[in-house]
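Contents: one structure, followed by commentary.
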Amino acid sequence: MKKILLAIAALTVFLPAAAADDQRLRITHGPWLCDMTSDGVTVVWATNLPAMSWVETGPDDGRSFYAEEHPRWYETVDGRRVANKTLHAVRLEGLEPGTKYRYRIFSQKLETWVNYDHATFGEIVSSDVYTRPAYLFETYPAGGADCSFVVLNDIHARTDFVKRLCSGIDLHDFAFLACNGDMVSSVENERQLFEGFIDAAVELGASETPILYTRGNHEPRGLYADRLRDYFPMRSGRFYNLYRYGDVCLLTLDCGEDKCDNDVEYRGMADFDAYRERQCAWLREAVRSEAFRSAKARIVFLHIPPVEDWHGNNHLKELFVPVLREAGIDLMLSGHTHTYEFYPAESTGYGFPIVVNSNDTYARCDVSDREIRIRMVDVEGRTTQEHRFPLK
Ligand SMILES: [Fe+2]
């Protein structure tokens, strides 16, 4: 009996302390970078409680981050700073191309907000710039053909594996980390998204090297799939985009599902035929743009390779391939099949090669003004396949 009373007494002391701890604001995930351009980037992170958040940036000038005040960047919606969210996405704009910037993230707890604008704010938490250097990133350059990047696909939430796979590389050596689809098998809730991939990407270096995100056919599945865009926010509001890294044009395309929209697996929720049609209308315009036409190398990221005889593949063949064949691209990078495959330009008649990276290797891509070199590297650090594609 005495023991029980002691246990109850201990609980009454512990519970309020734990409850108070839950009310303390913490940065819980991130930051990670996405939608990088030559003049901006989006910084994303999460807190355990609603907060108003901002980013402070400074030059990479070797001075202490405490040396002077820094400009602040807030997440705003229609002229107002966002204050009632736990997922924070701050766009930095007007930056110089090919320039290194240091940054620090801040969140201030929203204490109360009953109505109107009678909000009160509490404690501020931030990333550490005292015991470690401030985060650092480099905007994409305005010109130059040199571009090295790493591609991962079909990880399907195998975070321990992806950490081992990438243990021999330092993401700082690369322009970006291309996630080419199926990083998770479905998107069910925020926790699963963090545990399934985002936390691992941050650990690999996504706080400083941006993620170039392409959806696979698995990410549109799940209860929380419609929220995926919040975790990889694009200024365009789309999952398909055109980027320039110097003279290299990067097209990220969104494959949609692999089976017919009326397949029993989708329970009537798939509408990808119309989506791919709309995307193709955008693609036709994108390849006419100066950004595409003036590029010296053009690389397409498309999770499902437009080969084989499934409906999704066939629809991509029918819609995207003629546009890309006519526009002229240098390389398509795909995944989906979980095995390495190579389709030379001559074998498909598409006019461009397709390299399918397996689910057990990363692809390292090095672009120069002469060629695109791609190497598939396994968990032992061995190059398992290599291709060189001369640039025209
Ligand atoms: Fe997959």
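We did not get these values from a lab; they are worked out from the coordinates using the rules stated. Values in this document were obtained by computation on a predicted structure and should not be read as measured data. Because the Cβ atoms are built from the backbone with ideal geometry, glycine has one as well, and the counts that use them run over all protein chains shown.
If R0 is 41 Å, what FRET efficiency do you get for Y130 and D78 from their C-beta distance, rounded to 0.05?
Result of the calculation: an efficiency of 0.70.
When the helix-only estimate is applied to the chain (DSSP H runs of n ≥ 4, each -39,500 (n - 2.57), divided by the residue count), what is the mean residue ellipticity at 222 nm, nearest 500 deg cm²/dmol?
-5500 deg cm²/dmol
Express the relative contact order of segment 27-138 as a whole percentage, based on alpha carbon pairs under 8 Å and six or more residues apart in sequence.
28
In Å³ and rounded to a whole number, note down the convex hull volume per residue for the Cα atoms of segment 282-352.
89
At a 10 angstrom cut-off on C-beta neighbours, averaged per residue, how do the peptides 29-37, 262-270 rank from highest to lowest?
For the peptides 29-37, 262-270, the packing ranking is 29-37, 262-270.
Need one number: nm distance between label points at E265 and R191, each 7 Å from Cα along Cα→Cβ, rounded to one decimal.
Each label point is offset 7 Å from its Cα along the Cβ direction, giving 2.7 nm.
Please list, in order along segment 228-239, the HN-Hα scalar couplings obtained from phi with the Karplus expression 6.51 cos²θ - 1.76 cosθ + 1.60 (θ = phi - 60°), rounded to whole Hz, x for Gly and Pro.
Couplings: 3, 4, 5, 8, 10, x, 10, 4, 6, x, 10, 8 Hz.
Collect residues whose amide H, placed 1.01 Å from N in the peptide plane, falls under 5 Å from the amide H of Y340; neighbours closer than 5 in sequence don't count.
S358
What percent of all Cα-Cα pairs in segment 264-392 falls in each 5 Å bin, counting up from 0?
Answer for segment 264-392: a P(r) of 2, 10, 18, 21, 19, 15, 9, 5, 1, 0 percent.
Suppose we look only past 19 Å in the calculated P(r) of segment 65-150. What percent of the Cα-Cα pairs does that tail hold?
Within segment 65-150, distances greater than 19 Å cover 55 percent of Cα pairs.
Straight-line reach from K392: which aspartates and glutamates have a Cα under 19 Å away, not including same-chain ones fewer than 8 places off?
D146, D247, E290, E326, D330, E346, D366, D369, E371
Starting at the first residue of segment 242-249, write each ³J(HN,Hα) from the Karplus equation 6.51 cos²θ - 1.76 cosθ + 1.60 with θ = phi - 60°, in whole Hz, x for Gly and Pro.
Result, rounded to whole Hz: 10, 10, 10, 10, x, 8, 9, 9.
If contacts are Cα pairs under 8 angstrom and at least 6 residues apart, what is the relative contact order of the chain in percent?
Result for the chain is 14 percent.
By DSSP, what percent of the beta bridges with both residues in the chain are antiparallel, rounded to the nearest 5?
Here the antiparallel bridges make up roughly 75 percent for the chain.
Quick one: Debye curve from the alpha-carbon atoms of segment 197-291 only, equal weights, vacuum; give me log10 I(q)/I(0) at q = 0.13, 0.20, 0.23 Å⁻¹ to two decimals.
Log-scaled intensity ratios, in q order: -0.56, -1.13, -1.31.
Return the single residue from R382, R370, R158 with maximal mean-square fluctuation; model: Gaussian network over the chain, springs between Cα atoms under 10 Å.
Evaluated over the chain, the most mobile residue of the options is R382.
Compute the length gained on full extension between H172 and L223: take 0.36 nm times their separation in residues and subtract their Cα-Cα distance, giving the result in nm to one decimal.
Stretched out fully, the H172 to L223 stretch lengthens by 14.9 nm.
Using r as the Cβ-Cβ distance of T384 and E93, and R0 as 25 Å, what FRET efficiency do you calculate, to the nearest 0.05?
0.05
Could you calculate the FRET efficiency of T28 with R164 from 1/(1 + (r/R0)^6), where r is the beta carbon distance between them and R0 is 30 Å, rounded to 0.05?
Efficiency for this residue pair is about 0.75.
Given just the C-alpha atoms of the chain, how large is their convex hull per residue in cubic angstrom?
Taking only Cα atoms, the chain has a hull volume of 196 Å³ per residue.
Specify the residue with the greatest mean-square fluctuation among I329, I27, I211, computed from a Gaussian network of the chain linking alpha-carbon atoms under 10 Å apart.
Per the Cα network of the chain with a 10 Å cutoff, I27 tops the list.
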